[in-house]
Amino acid sequence: MRQDELTEIRALPLFRNMEAENFDRLFRGAYVQTFPQGVELAREGEMADFFHVVLDGSVELFANWNGRKSTLATIHPLSTFILAATIKNGPYLMSAQTLEKSRMILLPSTDVRAHFAADSGFARAIVLELAQCYRVVVKSHKDIKLRTSPERLANYLLRQSATAADPSSFDLKMEKKRLASFLGMTPENLSRSIKALNTHGVEIALNNVRIVDFNLLRDYAKPDDLIDNPTI
């Protein structure tokens, strides 16, 4: 690994407060690999042999049941995924695959658990990371259970707008079929939701979103910090 990569990883909240010797020891046992698009990195039901740090590219987390597939999250650099299975020494509850050519670090789960037990700074960071993941799951459940399909799409677009270079005009970050799955709806429901938002200040053409009236959209979406604010 390059020193600049190690410096970036060291700055992640999960590793920031590790003792220097433990950090060096943990990453001496790491594997750095580049994967092409479409490679399965983890399969739900299998044991978590490795903990992953995404350096470049993107990864889809998804689940399957009874012939159905649902997208649960998309992971971008620099970030990690499926920490709970690593710490619990249990099976993956989600599968993971690369959405594009991706480069990542694989840390043996046994090493992560050993440092979790030995390094108090690392242990506290893991607890905070798992607590944040739990809160993300609760917000997602509230979003799906309390809102209609158009309301979920409206609030998703407001969240995307908040991080876009141009808040009033931006491209969707994923294809519509995967977006529908992520928002807990069918592609047909997504199409109907897109049409429904035409009367609430939004125009979507192909992959481009244009918000023509923020007040109208917010009045309809009724964003809630306890669902939509990523900092809470």
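Within the stretch 1-117, considering only strands (runs of 3 or more DSSP E) that don't extend past its boundaries, which have at least 3 residues that are touching a Lys or Arg at 6+ places or on another chain (Cβ under 6 Å) and among the small types (Gly, Ala, Ser)? Don't jump to the end; show me each part of the working.
Working: elements: 31-35, 40-42, 50-56, 59-65, 68-75, 79-81, 95-98, 102-108.
It comes to none.
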Original post:
In the stretch 130-155, what residues are part of a helix (DSSP H, G or I) and more than 24 Å from Thr80 (Cβ to Cβ)?
Top reply: Lys142, Ile144, Lys145, Leu146, Ser149, Pro150, Glu151, Arg152, Leu153, Ala154, Asn155
Subject >> Unique match (being among the hydrophobic types (A, V, I, L, M, F, W, C) and surrounded by 13 or more Cβ atoms within 10 Å (Cβ to Cβ)) among Leu146, Leu226, Leu130 >> reply: Leu130
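Return yes when Val59 is in the same structural domain as Val137 (by TED's automatic domain parsing), over 25 Å from Ile144 (Cα atoms) and in contact with a strand residue (DSSP E or B) (Cβ under 8 Å, 6 or more places away or on another chain) and no when it is not. Walk me through how you get there before you give the answer.
Working: in the same structural domain as Val137 (by TED's automatic domain parsing): yes; over 25 Å from Ile144 (Cα atoms): no; in contact with a strand residue (DSSP E or B) (Cβ under 8 Å, 6 or more places away or on another chain): yes.
Against the criterion (in the same structural domain as Val137 (by TED's automatic domain parsing), over 25 Å from Ile144 (Cα atoms) and in contact with a strand residue (DSSP E or B) (Cβ under 8 Å, 6 or more places away or on another chain)), Val59 does not qualify.
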**OP:** Return yes or no: is Gly38 modelled with pLDDT of 95 or more, within 16 Å of the chain's Cα centre (by Cα) and over 20 Å from Thr86 (Cβ atoms)?
**Re:** no
**OP:** Return the residue satisfying two criteria in turn: it lies in the stretch 202-225 and is more than 24 Å from the chain's Cα centre (by Cα) and among the aliphatic types (A, V, I, L, M), and of such residues it is farthest from Asp171 (Cα to Cα).
**Re:** Leu216
Original post:
Which residue out of Arg159, Arg152 is crowded, with 18+ Cβ neighbours inside 10 Å, in contact (Cβ under 8 Å) with a residue 12 or more places away in the chain and outside the structural domain of Phe81 (by TED's automatic domain parsing)?
Top reply: Arg152
**OP:** Give the residue, chosen from Leu61, Leu78, that is hydrophobic (A, V, I, L, M, F, W, C) and modelled with pLDDT under 95.
**Re:** Leu78
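The values are calculated or read from the model by the stated rules, or taken from the named source; none is laboratory data. None of these values were measured; they are calculated from a predicted model. Heads up, the Cβs are rebuilt from the backbone with ideal geometry, glycines too, and the neighbour counts pull from every protein chain shown.
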